[in-house]
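Before any comments, here is the structure.
The values are calculated or read from the model by the stated rules, or taken from the named source; none is laboratory data. Note that the structure is predicted; figures quoted are calculated from it, not measured. Backbone-built Cβ (ideal geometry, glycine too); neighbour counts: all protein chains shown. Accessible surface is based on the protein model in full, side chains and every heavy atom, while ligands, DNA and RNA are left aside. Shrake-Rupley method; radii C 1.70, N 1.55, O 1.52, S 1.80 Å.
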Amino acid sequence: MPNTLLVEGLAYLIFLPVIAAFLWLAGSMLLSRRPSEKSIVRNCHLALGTAFFASLLLAVAQPFDIGTEAVLGSWFVIGGYHYDIVMQTDLIAVTYALFSTLLLFLICSFSQRYLHKESGFHRFYLALLIFATGLLLVSFAGTLELLLVGWEIVGLSSIMLIAFFTTRPQPAQNGLWVFSIYRLTDIGLYAAILYLHSHSQATRLTPLDSVPWSGIGLHEGTQVTAFLLLIAVLGKSALFPFSSWLPRAMEGPTPSSAVFYGALSVHLGPLLLLRMADLISATPALSATLIAVGALTALVANLSVRVQSDIKSRLAFSAVGQLGFITIEIGLGWFELALLHVVAHAVFRTLQFLRAPSLLHDRHQHEALLGHHLSVEHQDHESTALRRFVFRLSLERAFLDILLVDRIARPVLAFARAIDRAERSAANFVCKDS
Amino acid sequence: MNQDLTLILHVILSLCGFVFILSSRDIRRMRTAAMTTLSLMFLVEIALPRLGVNVRSGTELLAFIILGNLLASFFTPAYLGSRRTFTTILAFNSLAIGTQIFTGNLFLVIAVPVFFCILTLASWRLDGSHRLVGSYGLITSGLLASSLLAPSSGSEGSFLLELAGLVFLIGLFPFSPWFSRLYEKLPSGLLASAFVCQVALVMSLERQQSLPRDFYLVVLPVFALLSLLMALSQSNARRALSGLAASQLAFLIYADSGQHFSDLAALLLAQAQMATIPGLILTVGALEMRVGKLNLSRPMGHFESYPKLAAATLIFGLMGAGFPLSLAYIAEDLILETGFHDTPLLGIGWLFVTALTAIAVVKLYLFLFHGGRGREPGLDILPSKLFAAVLTMVFLIFSTLVLPA
């Protein structure tokens with residue numbers, strides 16, 4: 001009992017400071033009392049630092065092979081329907097919370113200078129705090145419903161960060177595209193929850209005997225649930241065939257890029273897959289699909305990365321490639337290795353993203369000192385049909401964008417426009433003065 | 001006696017409001033009269049149950065009806081309003097309250113034509129829109145009256161008539177020309193008020209539960225999806241709003257036809273829609289007043305000039321689209337769970353509808369406020385209006401915490 005109380009207390013300590021910091025900043029902005037940059041960063045540090053140390057205490061206070069469930073109350077209760085706020089403090093949750101809060105803390109520090117006197121400084125930190133809340137919710141969610149809430153919050157804050165620069169049209173268009181992919185693939189997660197409710201009457205993540213974390217238990221229709229959840233994972237982690245949104249999300253400032261492609265957002269897919277460990281082990285078809293999807297993602301990303309001309313695109317495709325490998329590891333049942341890979345990749349990629357802007361500056365400085373440009377070796381290859389095809393495939397990102405935009409989205413919208421034109425004509429016919 | 005107290009107070013307040021508006025010559029005073037009347041009605045609805053007065057059952061929507069109309073008159077600036085605007089809002093309010101107090105299909109047979117009459121009068125001389133609304137009103141009233149009053153009521157035929165009447169009433173594809181036309185022409189305050197009235201009308205219909213509803217349930221999500229696709233493909237922001245509003249009303253009809261939790265879920269959804277969708281319509285209208293006609297063919301970029309208006313638009317939109325932590329989210333969760341349990345494929349269909357609604361809302365926000373322009377001289381949302389918007393949102397969020405256990 002004392003252990004449960006301690007876990008509940010620590011769970012509150014993880015969430016409350018972040019939510020309080022968000023409410024303080026949102027309230028100040030609404031009331032037109034803009035706090036100073038220093039006080040924003042200080043409060044964000046305080047909130048994220050508290051969340052980090054509470055997660056650390058959680059890791060120390062309980063053995064990982066048990067994993068405690070903390071019920072923080074009910075959001076609402078209607079008839080026999082309960083919407084409980086259940087937190088699951090197991091190996092996956094604590095690991096994700098630790099590296100997420102640590103990296104967010106670093107990004108918070110980095111952004112203080114990077115976005116100094118930028119008009120959207122306050123907005124960036126607001127989005128970052130919303131993102132942190134969503135991320136922690138997904139990490140600690142003890143039910144799939146709660147995971148969905150965090151999942152959606154992360155999605156929305158991602159759009160706020162992609163469309164951060166408000167004076168250019170491209171971020172808005174790309175933000176809409178990313179949100180569309182997110183929201184349409186999230187239907188898989190929604191449907192899985194509804195399916196679980198109608199077949200097993202429960203979506204609570206259950207402790208497993210043999211695995212040191214909590215996941216979705218086996219039930220009738222396991223295969224259906226697993227494949228529905230996979231759809232949501234494909235969208236969130238930019239896996240094949242949805243890899244094309246990641247480079248489009250490049251429009252935000254560098255710290256937000258680090259948050260997305262590098263460290264945190266894209267790794268939520270593997271988190272859900274790790275929660276599905278039991279389902280994956282019990283469904284060979286799903287394992288095979290994961291391996292195939294991972295391999296295709298890695299292949300497309302590694303081909304695409306070779307033809308990118310800017311550093312952020314290269315890093316984004318490298319991140320997608322690594323996500324492909326992580327998916328393969330999960331498909332093969334190497335769950336511990338996948339978790340380790342996620343942490344290592346997140347930390348390393350964040351460093352690369354945060355270093356990227358100054359790297360170019362350093363190179364220019366180096367060249368100025370040398371007095372000449374650093375040479376780039378160009379290798380001449382014989383142009384064959386296969387080479388040309390592979391080059392085009394890499395340049396067009398395996399034609400995934402063309403498939404989604406030109407073959408699906410545009411024809412559907414063109415059809416809707418044709419109906420609209422017909423409707424306007426009919427209305428004008430009735431309304432015109434005789 | 002206690003049970004009729006609310007009704008008596010509402011009738012007295014409505015009459016006083018009409019008298020003040022009609023007798024006043026100054027638009028500012030008309031607006032003040034409309035807002036005072038609605039505020040007093042809201043207070044009556046909130047205070048009477050707390051004071052231990054037994055209110056009539058089936059009047060759970062009244063506070064939200066009044067809140068929606070209060071927002072509509074509050075966001076309509078005096079210099080753009082007219083006697084017609086404020087009397088119409090008050091008329092819609094009275095009609096919506098009437099549909100909740102005098103429940104039953106017989107009353108609906110009277111209420112639907114009255115609704116269309118008010119709309120026809122409001123759209124009088126607007127490029128001939130009144131003709132379109134009038135003819136659609138006649139068809140809708142005829143369809144609903146024959147389905148509800150015909151001797152063969154309860155048969156397949158009356159069921160189809162009811163479906164057609166409802167689709168006409170909510171302006172869903174393919175019977176949407178009158179709805180999108182009105183959204184293009186009418187002031188946003190009137191549209192918000194009309195939407196609240198439509199929700200009240202849909203909620204007051206007593207369904208014929210014994211009938212097989214498979215066809216009915218398949219047709220609605222398909223029409224709602226097409227309406228939303230039309231909204232997404234729009235370059236005209238007001239027409240996009242009409243598609244969004246119609247699909248939300250279709251979802252409400254679906255909610256009202258479920259088995260488990262259906263009454264409560266539909267009620268929650270109606271409550272959420274009555275405050276959020278009018279809020280979205282009004283914030284978009286407020287932007288239009290500042291910058292002129294809104295075009296969605298490319299990002300317009302008004303964020304730097306109107307950041308608070310942008311935030312209000314996004315939050316109202318997301319709360320209407322059922323974003324987590326909102327009242328609409330709870331309602332959607334209950335509705336979809338019931339729907340999925342009964343017919344999984346239909347549940348998936350409605351999941352697509354909710355997804356497209358969210359996408360349409362985000363498109364509206366991103367394309368109206370992001371991209372293209374720097375700061376321009378202009379008045380952002382007024383502090384009092386922002387306060388009202390925040391209060392409404394807080395009311396909506398906290399109302400999820402005080403649900404019946």
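A few remarks follow.
- Contour excess over end-to-end distance, with Cα ends at A:ARG355 and A:ILE408 and 0.36 nm allotted per residue: 15.3 nm
- When the alpha carbon coordinates of the protein assembly as shown are projected onto the principal axes, the ranges are 84, 63, 56 Å, largest first.
- Taking Cα centre as origin and charging only the Cβ of basic (Lys, Arg, +1) and acidic (Asp, Glu, -1) residues, the dipole magnitude of the stretch A:62-175 rounds to 740 debye.
- Most tightly packed first, judged by the mean number of other beta-carbon atoms within 10 Å of their residues, the peptides A:149-161, A:351-363, B:124-136, B:62-74 read B:62-74, A:149-161, B:124-136, A:351-363.
- Prolate/oblate/rounded label for the stretch A:86-194 (Cα gyration tensor, a/c 1.5): oblate
- Cross-link partners of B:LYS293 among lysines, defined as those whose alpha carbon lies under 16 angstrom from its own and excluding same-chain residues fewer than eight positions apart: B:LYS185.
- Relative contact order [Cα under 8 Å, 6+ residues apart], the stretch B:226-358, whole percent: 30
- Between the stretch A:316-330 and the stretch A:355-429, the alpha-carbon center distance in angstrom: 21
- Averaged over the residues of A:420-427, the number of partner chain Cβ atoms lying within 10 Å of the residue Cβ comes to 6.
- Using a Förster distance of 41 Å, the FRET efficiency for A:ASP310-A:GLU336 (Cβ separation, nearest 0.05): 0.70
- For the options B:SER141, B:SER233, B:SER204, a Gaussian network treatment of chain B with springs between C-alpha atoms closer than 10 Å singles out B:SER233 as fluctuating the most.
- Kyte-Doolittle at least 0.0, axis length at least 30 Å by Cα - qualifying DSSP helices, chain B: B:2-23, B:27-50, B:262-291, B:344-369
- Mean Cα-pair separation over length for chain B, i.e. relative contact order, pairs under 8 Å, 6 or more apart, %: 15
- Accessible-area order (highest first, 1.4 angstrom probe) of the listed residues B:VAL109, A:VAL41: B:VAL109, A:VAL41
- Other-chain or far-sequence residues with amide H under 5 Å of A:PHE165's (modelled H): none
- Site pair A:SER109 and B:LEU382 shows an inter-label distance of 4.8 nm when each label is modelled 7 Å from Cα along Cα→Cβ.
- Overall, the accessible surface of chain A at a probe of 1.4 angstrom is composed of carbon and sulfur to the extent of 64 percent.
- Whether the stretch A:78-137 is rounded, prolate or oblate, judged on the alpha carbon gyration tensor where a/c under 1.5 counts as rounded: oblate
- Taking packing as the residue-averaged number of other Cβ atoms within 10 angstrom, the listed peptides A:319-329, A:6-16, B:272-282, A:390-400 run from highest to lowest as B:272-282, A:319-329, A:6-16, A:390-400.
- Length added when fully stretched, A:ARG363-A:ALA282, from 0.36 nm per residue minus Cα-Cα: 24.0 nm
- Note on chain A: with a GNM built from Cα contacts shorter than 10 Å, the maximum mean-square fluctuation among A:PRO17, A:PRO253, A:PRO35 falls on A:PRO35.
- Placing +1 on each Lys and Arg Cβ and -1 on each Asp and Glu Cβ, with no other charges, gives the stretch B:222-365 a dipole about its Cα centre of roughly 800 debye.
- Equivalent ellipsoid, chain A (semi-axes from 5 times Cα gyration tensor eigenvalues, Å): 34, 29, 27
- Take each residue in B:221-234, count the other chain C-beta atoms within 10 Å of its C-beta, and the mean is 3.
- Model label points for A:LYS38 and B:VAL291, set 7 angstrom from Cα along the Cα-to-Cβ axis, are 3.6 nm apart.
- Only Cα pairs under 8 Å and 6+ residues apart enter the sum, and on that basis the relative contact order of chain A stands at 12 percent.
- Shielding by other protein chains, A:168-180, mean Cβ within 10 Å: 6
- Top positive-direction residue, dipole computed over the protein assembly as shown with Cβ charges, set A:VAL60, B:ILE46, A:PRO171: A:PRO171
- Solvent exposure, largest accessible area first (probe 1.4 Å, DNA, RNA and ligands not counted), of B:MET393, B:MET35: B:MET35, B:MET393
- Placing unit charges on the Cβ atoms only, positive for Lys and Arg and negative for Asp and Glu, gives the stretch A:285-434 a dipole magnitude near 380 debye about its Cα centre.
- Peptide ranges A:129-137, A:178-186 listed from the most packed, as the mean C-beta count within 10 angstrom indicates: A:129-137, A:178-186
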